[in-house]
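The values are calculated or read from the model by the stated rules, or taken from the named source; none is laboratory data. Just so you know, these numbers come straight off a predicted model, no measurement behind them. Backbone-built Cβ (ideal geometry, glycine too); neighbour counts: all protein chains shown. Surface areas here come from the heavy atoms of the whole protein model, side chains and all, with no ligands, DNA or RNA. Shrake-Rupley method; radii C 1.70, N 1.55, O 1.52, S 1.80 Å.
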Amino acid sequence: MIYQSTYQAARLIAPRVEAIFASHLDAAHKSGEDDLAPLPTAKVVEAILDATFWASLRKEEGHSPKISLAYLPPEQAGNPLVFKQRLSLNPGTLTKLAPGIERAGIHLGVWVEDDQFYIWGTTVSIPNFCFVVDVSEPALLVIKHRRIYGFGKFTNIAVLKGDQVKMVDGQTTSMPDCPPILMSLLDLTAPSYWNDSVNVMIQLAVSMRAHARGGTLLIVPNENNNWLQSIIKPVQYYVQPSFSGLSKLLQQDRKESSQIFWQTALKREVEHLAGLTAVDGATVISNQYELLAFGAKIGRAKGKDNIDELSFSEPISGGEAIVVHPAKVGGTRHLSAAQFVHDQHDATALVASQDGHFTIYTWSDHQGKVQAHRIDTLLL
């Protein structure tokens, strides 16, 4: 029986997703890349999104499914776990399988023959530009693929939340003073290493968002202590001497970063620092990733004005920059972070909200004001 979709957002977005993947795959072929995934046609995109969406609304023994589907044949999956019998792609099958595959990095393999979509097994290895759909909460789907170079987080293409669709807009990287972390998340061809400074920043952001308690991370220059002018004294948890666990790991030879024990150590240090952001107040690290303080209260620096406007944007279609009052971006945590960067132009602030929103604050010399980029669409 040919699969008939009923999720309207899937039908609307499918042709656009096919076009995006077709463009990426064509460019990769022309540059001589191999190990490329098959093109997900609009029909494939629609069917997988539809089945995944309706599965996300169900529950198995009281738990909502957390699943990841990848479109590829078993032959491209490295060392796959293959079922003896093919399973039909439908919400019921996905819901039943979900408890066994909810750990990060495990994908259900989906393929189609003679217009019949089926699940052939599981895999932890997928080719470049493989079409992947993740669901971590009911009605929230993320379309992504493995970036063609390096390690780290997959590149997001679109986010669907019920009937709301957000398409990622990569043109944001061309704007003046675009933060490096945002450029890395959007630039598909940027080399990325486990111990690359920007990639570590992305890992910190993902970990901060994952603890779901909200938090602020301030990254300040290693050369001076000007950041203390914007912190209320006494500092609740001042670290003396500074803690350099993550910093020392990043100074190791890059060849060591391919070793699994080194990657495990890096992940542990990242989660250590990101976990401290759950403590009330801001966590402060240097641009060399040394921990300076946590639980710090941000105040306006002496002689500085209150921030009354900033440039706010989101890297999605229709998310162009607008000038707003900082209070429009978020609550007290966001306002204090914006004030900090307004006073300390050489600092960066990462702010995670309890509702899942994530914002980067940096100073823009081009605009002469603080710029706020909401990037939770890229971190899912």
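Applying the condition of being touching a strand residue (DSSP E or B) at 6+ places or on another chain (Cβ under 7 Å), β-branched (Val, Ile, Thr) and outside any loop (DSSP other than H, G, I, E, B) to the stretch 325-356 and asking which residue is nearest to Met208 (Cα to Cα) yields Val351. Here Glu18 meets the list (1) open to solvent by 10 Å² or more (accessible area, probe 1.4 Å); (2) at pLDDT 95 or above; (3) assigned to a helix (DSSP H, G or I); (4) touching a strand residue (DSSP E or B) at 6+ places or on another chain (Cβ under 7 Å) almost entirely, failing just condition (4). Among all residues of the stretch 133-150, there is at least one that is modelled with pLDDT of 85 or more, part of a loop (DSSP other than H, G, I, E, B) and open to solvent by less than 20 Å² (accessible area, probe 1.4 Å). Every condition in (1) open to solvent by 30 Å² or more (accessible area, probe 1.4 Å); (2) under 21 Å from the mean Cα position of the chain (by Cα); (3) closer than 23 Å to Leu186 by Cβ holds for Trp363 except the one numbered (2).
Within the stretch 42-64, the set of residues being at positive phi and either in contact with a Lys or Arg (Cβ under 8 Å, 6 or more places away or on another chain) or among the acidic types (Asp, Glu) (or both) comprises just one member, Glu61. Restrict the check to the stretch 256-269 and report whether at least one residue is more than 16 Å from Arg374 (Cβ to Cβ) and touching a Gly at 6+ places or on another chain (Cβ under 7 Å). Yes, the stretch 256-269 contains a residue that is more than 16 Å from Arg374 (Cβ to Cβ) and touching a Gly at 6+ places or on another chain (Cβ under 7 Å).
In summary, Thr359 fulfils each of the numbered conditions (1) in a strand (DSSP E or B); (2) touching a Gly at 6+ places or on another chain (Cβ under 8 Å); (3) in contact (Cβ under 8 Å) with a residue 40 or more places away in the chain; (4) at negative phi with the single exception of condition (3). Residue pairs whose Cβ atoms lie under 8 Å apart, sitting 6 or more positions apart in sequence or on different chains, and linking a residue in the stretch 46-60 that is touching a residue at least 24 places away in the same chain (Cβ under 8 Å) and within 10 Å of Pro91 (Cα to Cα) to a partner that is β-branched (Val, Ile, Thr) and open to solvent by 20 Å² or more (accessible area, probe 1.4 Å), are Asp50/Thr6; Trp54/Thr6. Here's a check for you: in the stretch 1-15, which residue that is in contact with a helix residue (DSSP H, G or I) (Cβ under 7 Å, 6 or more places away or on another chain) and at pLDDT 90 or above is farthest from Ile316 (Cα to Cα)? This residue is Arg11.
The residues of the stretch 38-80 that are part of a loop (DSSP other than H, G, I, E, B), within 19 Å of Ile126 (Cα to Cα) and open to solvent by 10 Å² or more (accessible area, probe 1.4 Å), listed by number, are Pro38, Leu39, Thr41, Lys66, Pro73, Gly78, Asn79, Pro80. Within the stretch 366-380, track down each residue that is assigned to a strand (DSSP E or B), within 18 Å of Asp169 (Cβ to Cβ) and open to solvent by 10 Å² or more (accessible area, probe 1.4 Å). Matches in the stretch 366-380: Arg374 only. The strands (runs of 3 or more DSSP E) located wholly in the stretch 280-321 that include 2 or more residues which are of a type in the set (Val, Ile, Thr) and either at pLDDT 95 or above or open to solvent by less than 70 Å² (accessible area, probe 1.4 Å) (or both) occupy 282-286. Residue-level analysis places Ala42 outside the set of residues that are under 13 Å from Val110 (Cα atoms) and in contact with a helix residue (DSSP H, G or I) (Cβ under 9 Å, 6 or more places away or on another chain). When you check Thr6 against the structure, is it surrounded by fewer than 22 Cβ atoms within 10 Å (Cβ to Cβ) and out of contact with any Pro (no Cβ under 6 Å at 6 or more places or on another chain), yes or no? Judged against the criteria, Thr6 is a match.
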